[in-house]
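Trainee: Handing you this structure, nothing more for now.
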Amino acid sequence: MKTNNYPEDPKLTSGRHISYWTDTENPAKENPLKENLETEVVIVGGGISGLSVAYCLIQSGKKVVLVEDGFIGSGETGRTTAHLVTALDNRYYDLEKIVGEEKTKLIAESHQVAIDFVEDTIKKEKIDCGFERVNGYLFLHPSDKPESIQKELEAAVRAGIEMKEVDETPGLLQNKKGLCFLNQAQLHPLKYLNGLCKVIEQKGGKIYTGTHASKINQEGIITSEGYAIKAKHVVVATNSPVNDLFTLFSKQYAYRTYVIGALVKKNLLPKALWWDTGDFNINAKIPPYHYVRVHPYNDQYDLLISGGEDHPNANTNKSKVKEEDRYKLVEEWTRSNFPMEEIIYQWSGQVMEPMDGIAFIGRNPFDHDNVYIITGDSGNGMTHCSFAGLLISDLINGKENKWEKLYSPSRFTLNKSAPVFKQMMNEFISYTKQFPNFKSAEILSSIKNGEGKIVDMLEQKFGVYRDETGLLNIVTAECAHLKCTLAWNSDELSWDCGCHGSRFTYQGKVINGPANSNLHAYSEKGVLIEA
Ligand SMILES: Cc1cc2nc3c(=O)[nH]c(=O)nc-3n(C[C@H](O)[C@H](O)[C@H](O)COP(=O)(O)OP(=O)(O)OC[C@H]3O[C@@H](n4cnc5c(N)ncnc54)[C@H](O)[C@@H]3O)c2cc1C
Ligand code: FES
C-alpha cells in the first residue's frame, strides 16, 4: 500500500494514503501566484468542479484565473472512483418523494447532460484519459427488500433513464438479479483534469497551484502570501465552501468513504460499474453501499477498484469500527462478490451529503450576487461538478438555465426533506456524545507512539498525536470553523470535524473546508509554533 510523506508534504493529497490516480499521473509543476492580478472570473479550487467551470467560461470567451492550494486534483477528485452515472446515490423512488416527479426528471436529465458534456469535451479536446461508456449494475444488498429493485426500475424509467432489468448481473461470483443502467461512463480523473488544464491555459486562462486563497469576498481573493486577485465574479469550488459561515454547513453533512484497489486477471471481469443497494441494517440517510469498477493495470492484470463502508465524518458510526478496519470490511465484501487477488492500493476520502440529495450549485446564499459555490455533490460529484461548469457559466454569462432553481444553494425544503433532516441530526447527535473526556494533562504520558487523543489541559481541549518517533504534536482541538471539538482519524492521521467536515493535518494545517484557517499548533513544551 502506498503512503506519502504526510504531513511534511500535506499538499500531496488530503491524507497519507496515495490513490491509484495520484500514483499514476504526475501533477503539473507547482506554479504559485507571485503578483497581483485583475480578471473577469477568479475560481478557487483545482478539482473537477473548478476546472469544469474554468473550461466552460473560457469557451464562452471569459478571462479566468484559477487558484489551487495543493496541486490539480489534490482534493477529493484525486481520491474518487470516477463512475459517471445516472444511477444516483439516492434512489429515484426516494427523490420522487422529496422533490416530486417533475424535478426528479430534471435531476436525471442533468446527470445525462453531464456525462455527454464530459464525453464531448474529451473528444473535442483530444484528452487521453481512458474515457469509456460502460453499463452499470445495481444489485440487491441482502438487507434490502427485493421489491426495491422493481420500485427503482419504475421510478427511474419515469425519470427518463435508459435501463433494463437483468436476471443475472455479469461479473459477480453468485448469480444475482439486478438493474442495468445503460451508457454510464468511467475515466482516469487526474488525466482528465490535466487535459482540461492544458486547454484552459492554451486558450488564455491562468492556473496557479500551491496558492491558498485566505480571504474571499465579492471583490476577489487575497492569497496567504498577500497577493490580490480582483475579479468581477468569484467562484468557490473547494468541495466544502470555505467562504460559508452561516448557511450551507447546516444543509449538508460530511461522510468518509473507503476504497481498495486489487489485482484481478486481465479481462476476467467485463468493463462495467457495479453497486449494491446498501446496508439497511445501518441506520443512515443513504444506507452505506459499495461501488466497484475495473481499470486496466498492466499486461497481466486489471485493477478492481472497490469502495464503501461510509460513515459520518470522524467515526460517528454506532458500530465504532475504526477507520483503518473499514478497508478490511470493503475487502470482505468485495471478495465475497468478485474474483480478486492481492490488494495494492487503499485510500479514503470525504463526500458532502446534502439534506435533500441534490447538490448546491449557484449563487452563495446571503452573499453578493457575483459569488458562486459548488458543493453537496455526494457520491455523484463527477457528474454534479461537470454539470456545474455549464450551470455556473450560464449564470455568469447572464443566460437562463432550467436547472438554476433546482440546484440553487438558497433552496430549503425542510417540510419535504424533514425525515432526512431528522436522520442526519440523529447521526450528528450520536457523534457529539462520543467525545472522549480526559480529566488531566497526565494523560499525555500515556499516549503511545502512533496514537492521537483529545486531552483536557488548562481548561481547554487539545488534540495530541505522538508520532512514530515519540514526538508530541499538539493542536487546539477546537475546529477553526465554528469551534466543534475535533476527533482523531487514525487512518489518514488527521484531525476531523464531525460537525461540517473540516479536516486538519496533525500539525494543524487545514485540508478540508468549510474552515479556511489553520489550528494553533504547539511544540511539546507548549510554545505556540503556528497560528
Ligand atoms: C472515495 C471517493 C469515491 C468517489 N466516487 C465517486 C464516483 O464514483 N462518482 C462520482 O460522481 N463521484 C464520486 N465521488 C465524489 C467526487 O469525487 C467529488 O464530489 C468530486 O471529486 C469533488 O470535486 P470538487 O472539485 O468539488 O472538490 P475537490 O476535488 O476536493 O477540489 C477542491 C479543491 O479546492 C482546493 N482548495 C480548498 N480550499 C482552498 C483555498 N482556500 N484556496 C485554494 N484552494 C483551495 C483543494 O486543495 C482541492 O483541490 C467520490 C468521492 C470519494 C472521496
Ligand atoms: S466544520 Fe464546522 S465546526 Fe468544524
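Trainee: Just tell me which lysines come within less than 23 Å, Cα to Cα, of LYS448; anything on the same chain fewer than 8 places away is out.
Mentor: Cross-link targets: LYS320, LYS322, LYS439, LYS461, LYS509, LYS525.
Trainee: Shape verdict for the chain, please, from the Cα gyration tensor: rounded (a/c under 1.5), prolate (a/b greater than b/c) or oblate.
Mentor: Numbers: a/c = 1.41, a/b = 1.12, b/c = 1.26.
Because its axes are fairly even, with a/c under 1.5, the chain counts as rounded.
Trainee: A further question follows. Provide PHE280, PHE338, PHE387 in ascending order of the number of other Cβ atoms located within 10 Å of each residue's Cβ, fewest first.
Mentor: Result, fewest neighbours first: PHE280, PHE338, PHE387.
Trainee: Could you please report the charge total around LEU33, scoring K, R as +1 and D, E as -1 over all other residues with beta-carbon less than 9 angstrom from its beta-carbon? Show your work: numbers first, answer last.
Mentor: Numbers: positive: LYS34, LYS206; negative: GLU35, GLU225.
Charge balance near LEU33 sits at 0.
Trainee: Percent relative contact order of the chain, based on C-alpha pairs within less than 8 angstrom and at least six residues apart?
Mentor: Working: 1235 pairs, mean separation 92.2, N = 531.
It rounds to 17 percent for the chain.
Trainee: For LYS328, what charge total do you get from the other residues with a beta carbon under 14 Å from its beta carbon, if Lys and Arg give +1 and Asp and Glu give -1? Before the final figure, lay out each step's value.
Mentor: Numbers: positive: LYS322, ARG326, ARG335; negative: GLU309, GLU323, GLU324, ASP325, GLU331, GLU332, ASP491.
That works out to -4.
Trainee: Let me ask something else. Roughly how many Å is it from the Cα centre of the stretch 30-80 to that of the stretch 101-118, as a whole number?
Mentor: Centre-to-centre (Cα) distance: 25 Å.
Trainee: Here's a follow-up. Using θ = phi - 60° and the Karplus curve 6.51 cos²θ - 1.76 cosθ + 1.60, what whole-Hz ³J(HN,Hα) does each residue of the stretch 152-159 get, with Gly and Pro shown as x?
Mentor: After applying 6.51 cos²θ - 1.76 cosθ + 1.60, I find 5, 4, 5, 5, 5, 5, 4, 7 Hz.
Trainee: Right, next: Which of the lysines could a cross-linker bridge to LYS103, judged by Cα under 25 Å and excluding same-chain residues fewer than eight apart?
Mentor: The reachable lysines, counting only those whose Cα sits under 25 Å from LYS103, are LYS151, LYS164, LYS251, LYS285, LYS399, LYS402, LYS405, LYS416, LYS422.
Trainee: Using the Cβ atoms and a cut-off under 11 Å, what net charge is assigned to the surroundings of GLU119, where Lys and Arg are +1 and Asp and Glu are -1? Please list the in-between numbers first.
Mentor: Details: positive: LYS123, LYS124, ARG133; negative: ASP116, ASP120, GLU132.
Net charge around GLU119: 0.
Trainee: While we're here: Non-local amide H neighbours of GLU451 (under 5 Å, H modeled in plane, Pro and chain starts lacking H): which ones?
Mentor: Amide H to amide H, under 5 Å and 5 or more residues apart or across chains, GLU451 pairs with ARG466.
Trainee: Could you work out the mean projected area of the convex hull around the alpha carbons of the stretch 79-136, in square nanometres to one decimal? Write down the numbers at each step before the final one.
Mentor: Details: hull surface 19.6 nm².
Orientation-averaged projected area of the Cα hull: 4.9 nm².
Trainee: State to the nearest 20 debye the size of the charge dipole of the stretch 212-276 about its Cα centre, where the only charges are +1 on K and R beta carbons and -1 on D and E beta carbons. Let's see the in-between values first.
Mentor: Details: 8 positive and 4 negative charges, 69 e Å.
The calculated dipole for the stretch 212-276 is roughly 340 debye.
Trainee: In nm, to one decimal, how far is the GLU168 label point from the GLU404 one, both placed 7 Å along Cα→Cβ?
Mentor: Taking the two extended label points, one gets 5.2 nm.
Rule-based calculations on the coordinates, nothing more; no lab input. Keep in mind that what you see is a predicted model, and the values were worked out from it rather than measured. Reconstructed Cβ throughout: ideal geometry from the backbone, glycine too, with neighbour counts over all protein chains shown.
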